[in-house]
């Protein structure tokens, strides 16, 4: 049963039934034709003085929250809203949308605002949750997630990574990720150099450590040792074989903080570029390696403003970085 706000009459009915003190919340939910979780949420948010529920007060609080949420988005123009909708339909994440719109100078909106507009169904954006990577209608609780960091043996956090990696003036500092095929059919392993924006990608059968490591080692086989300094990924279990990669590639491995995707913003953006060729719903088990290579060639030979309109290929292969021309 989908969640929707209670009407005024339903709040009075809930007050009447709760006041009897004889019915369980489950029974009340059945009588009202509502989910028990909906009524529980209503009572928790609007009870006063411990356990007193007044329908008029609950209605006023709801209207106040609704007005507050509308004011929060008043600075979002109609043009900006249409841009957000259009880009969501292209399966761009809110973070990618916010970053790209700022980059293009067509809007200054935070990714958190985009998420909240979706979760609060502002101007019909609620239905666009379908285009989010996880398809969630509301944010899931991350309670207790910090304890999961220990699941990766030998994990070293991004706070220990050399500062030069963030300066983007030295080739050899990589961000790593995986793109999952529809229904978990196949995987595309991706790595992007922070300074040159040069991208590597290879197909894997699945997300197992063995497969991801095998593809990664193969991809870096043609990369000079001087271009292998650090590698940073999220905390997915597919990267728990990082110690093998560090040893075989001669690289220092680091992990971003959980739910801090902006710490690997370049990789998130690069995966978005790759989605132009392999959109959501792609079955990577039937994608040919030649098609991946063709997509990589187009991306790596595309001029970038942040590289003073040089290409990632030009910068990566022995073309010295002009640090004055680089943009943060």
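Here are the numbers for the structure shown:
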{"item": "Contact order normalised by residue count of the chain, Cα under 8 Å, 6+ apart, percent", "result": "13"}
{"item": "Order of 160, 92, 15 under a 10 Å beta carbon neighbour criterion, fewest first", "result": "160, 15, 92"}
{"item": "For peptides 175-183, 123-131, sequence by mean Cβ density within 10 Å, most packed first", "result": "175-183, 123-131"}
{"item": "P(r) histogram, all alpha-carbon pairs of the chain included - 10 Å bins from 0, percent", "result": "5, 21, 26, 21, 13, 9, 4, 0"}
{"item": "Between 0 and 90°, nearest 10: helix 289-300 axis offset from the chain longest Cα axis", "result": "90"}
{"item": "Relative counts (whole %) of C-alpha pair distances in the range 78-131, using bins that are 10 Å wide", "result": "28, 63, 9"}
{"item": "Label point at residue 112 placed 7 Å out along Cα→Cβ; residues across the range 248-276 whose backbone nitrogen lies under 15 Å", "result": "259-263"}
{"item": "Residue 20/residue 121 FRET efficiency (R0 30 Å; Cβ-Cβ; nearest 0.05)", "result": "0.35"}
{"item": "255, 73 arranged by Cβ crowding within 10 Å, fewest neighbours leading", "result": "73, 255"}
{"item": "For 190, 226, order by how many other beta-carbon atoms lie within 10 Å, fewest first", "result": "226, 190"}
{"item": "Of every Cα-Cα pair in the range 8-72, the percent that sits beyond 16 Å", "result": "46"}
{"item": "Protection proxy ranking, peptides 231-242, 54-65, average beta carbon neighbours within 10 Å, highest first", "result": "231-242, 54-65"}
{"item": "Inverse of mean 1/r across different Cα pairs in the range 214-328, Kirkwood, Å", "result": "16.3"}
{"item": "The chain: angle of helix 209-219 to the longest principal axis, Cα-based, in degrees nearest 10", "result": "40"}
{"item": "C-alpha long axis of helix 94-104 to longest principal axis of the chain, angle in °", "result": "60"}
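Where a number appears in this text, it was derived from the coordinates with a stated rule and is not lab data. Source: prediction; values computed, not measured. Counting neighbours? That spans all protein chains shown, and the Cβs are built from the backbone with ideal geometry, glycine included.
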